[in-house]
Amino acid sequence: MQTSSTRNFCIIAHIDHGKTTLSDRLLERTQTVSARDMQAQLLDSMDLERERGITIKSHPVSMIYCHPTEGKFLLNLMDTPGHVDFSYEVSRSLAACEGALLLIDASQGIEAQTVANALLAINQGLYIIPIINKIDLPSADLNRVYGQLEEILAIPRGEAIPASAKTGEGIDDILDAVVYRIPPPKEGDETQALIFDSVYDSYKGVICYVRLFGGTLRVGDEVAMMHTGRKSPIKEIGRFTPTMTACDTLSAGHVGYVVTNIRAVSEIKIGDTITSASRPASQPLQGYKEIHPLVFSGLYPLDTSDFEKLKASMSRLQLNDSALTFTPESSVALGFGFRCGFLGLLHMEIVQERIRREYDLDVISTYPSVIYRVHHTDGSVKSIDNPQFFPDRSTIARIEEPTILATIHLPTDSLGDILALITDRRGSCTNTEVVDDSRLMLTCQLPLNEILVDFNDRLKSITRGYGSMDYELADYQASDLVKLDVLVNGDPVDAFSSIVHESKAVARGRSMCARLKDLIPRQLFRVAIQAAIGSNIVARETLSALRKDVTAKCYGGDITRKRKLLDKQKEGKKRMKSIGKVSIPQDAFIKILKNS
């Protein structure tokens, strides 16, 4: 199909505003999927996406749309995630498009991630078509959303299309807008295809998802990766309909997949440019900026013999999730594993679950941390993401922690509780903006470490589900941070170490000690469970000893007989404590680290 009859667009929105449902209706209307094969959340191919009701991966699909007056069009759609942790997926999809459908819930209005995704699309130079979804709901308030659209995003209300992805209302208007408003792709002179995603297939090897910006790719052509220099013939080419369907060629403006002889995961880089080996392009496409992880955690196999299997699994998962980074590390308590970088806590949780399901591996993760900057007294600066490498306090001049600039949308009546939550997490509110009669938008600065575990859950609970948050990394700020160690029988357990703010160290130490006391089985001697900051013990619990009744055989006689046996037992326990080691069961690590 000609370039002039091709439209490349994606759907962007806040989480749970109906992106995947709208994709389903577009697939039905263009008859890309038959009624027999149609099912809800068709593009959410992972079980994890269906269970959680969220989109994790961007899903491309090609549709043939027969317009009543303009003829046939090839529509290449990308359904993108809505959660802030998967914003890298969104940015990669935007780079392969000329337009975007900005979806807004008619009852919820414009939320934090709506603004963030809209700004991403505007910065990429995409044409934006605003769509007010869920107009069939009784709580829908179109006038309020129109006002927010004009005030927050400066988009005239006349450009918005009211629709309902659930009932199918307004779908024809959306397709008309895609045809008339989104410009056709520009055709380049040189063969250039952008790799915006990839997957690994055990039979085919690495499958590259590409958007062709110029030239034509055919089966049998010799192509080269401009970043790695690797050359290989094309074995298969195809489009997403939405399953992979082989075809003969891909032309400029088209979106599809390419299978070559490459089987090594390390030889493919997301954002690389595929070009002709005989007539290579003079310059590669712009690609993507390097993503920097925000949250770090250790991942270890439950069975230490599975380390190599975990290593291979992480490499293949990284091919499909380029925001994931990992380097090998070892722990005295947990053995060999990897220090992994994630974009957020949900991203970390999803990666762990995918490893369990897709690669049949049980893993355990350590307490999440961020990158701290430690300024030493000799003037040197060191970046630390692992508590094991925390230097001695006497050598530290100051420690800086990363902060975020968060945008929080919330109902007006929740303002007091949200401000209390921000203060409790050592944050400050820098700006308050009235969105409309019932909603506010707060701009806050918070330490990144304080939002890792349960901040979003608390936000949703306080606002009864109506609050939302988006954030971006801000500056580093000096802070009173300490390393909190947990000692069992005098020996530090590195898996339980963490870097925390001094004001919260004692409370966290007490909590860890109390939970460990319940999880560690009793020994034949008393065991001290302690939390320490340097050489200072800040919390302690004592696990009482198992005691054998050594006086059971004494039926009478002088009390000194029993006392002699008890003293002998006490001496034995003292000797045992000096040489005894406490073995912490694996399930104790799992329970502690899961609930940290």
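All of the numbers you see were taken from the coordinates with simple rules; none came from a lab. None of the values given here were measured: they were computed from a predicted structure. A quick note on method: Cβ atoms are made from the backbone with ideal geometry, for glycine too, and the neighbour counts reach across all protein chains shown.
Note on the range 295-365: Kirkwood radius taken over Cα pairs, Stokes-Einstein applied at 10 °C and 1.306 mPa s, translational D equal to 134 µm² s⁻¹. A simple spin-label model places pseudo-atoms 7 Å from Cα toward Cβ; at ARG526 and SER511 they are separated by 2.8 nm. Sorting the segments 513-523, 480-490, 101-111 by their residues' average number of neighbouring beta-carbon atoms within 10 angstrom, most packed first, yields 101-111, 480-490, 513-523. Only the Cβ atoms of Lys and Arg (+1) and of Asp and Glu (-1) were treated as charged; on that basis the dipole of the range 82-199 about its Cα centre amounts to roughly 200 debye. Counting only Cβ charges, +1 for Lys and Arg and -1 for Asp and Glu, the dipole size of the range 295-365 around its Cα centre is about 160 debye.
Across the range 192-276, the relative contact order, built from alpha-carbon pairs under 8 Å that are at least six residues apart, equals 40 percent. The trypsin sites (Lys or Arg not before Pro) of the range 129-227 that DSSP puts in a loop, and whose beta carbon has at most 13 other beta carbons within 10 Å, are LYS186.
I'd like the FRET efficiency for ASN123 and GLU151, computed as 1/(1 + (r/R0)^6) with the beta carbon distance as r and R0 of 30 Å, rounded to 0.05. Step by step, r from the Cβ atoms, then E = 0.90.
If R0 is 30 Å, the Cβ-Cβ spacing of SER278 and ALA246 corresponds to a FRET efficiency of close to 0.80. A cut-off under 12 angstrom between Cβ atoms defines the neighbours of ARG339, and their net charge, with Lys, Arg +1 and Asp, Glu -1, is -2.
Neighbours of VAL500, meaning other residues whose beta-carbon lies under 9 angstrom from its beta-carbon, give a summed charge of +2 when Lys and Arg score +1 and Asp and Glu score -1.
A Förster radius of 25 Å combined with the Cβ-Cβ distance from THR395 to THR304 puts the calculated FRET efficiency at roughly 0.15. The modelled label-to-label distance between ASP172 and ILE64, using points 7 Å beyond Cα along the C-beta direction, is 2.2 nm. With 31 Å as the limit, the listed pairs LYS204/LYS309; LYS269/LYS483; LYS186/LYS231 have LYS269/LYS483 beyond it between alpha carbons. Between ASP518 and SER4, the simple spin-label model (points 7 angstrom out along Cα→Cβ) gives 7.2 nm. Computed on the range 373-479, with alpha-carbon pairs under 8 angstrom and 6+ residues apart, the relative contact order is 34 percent.
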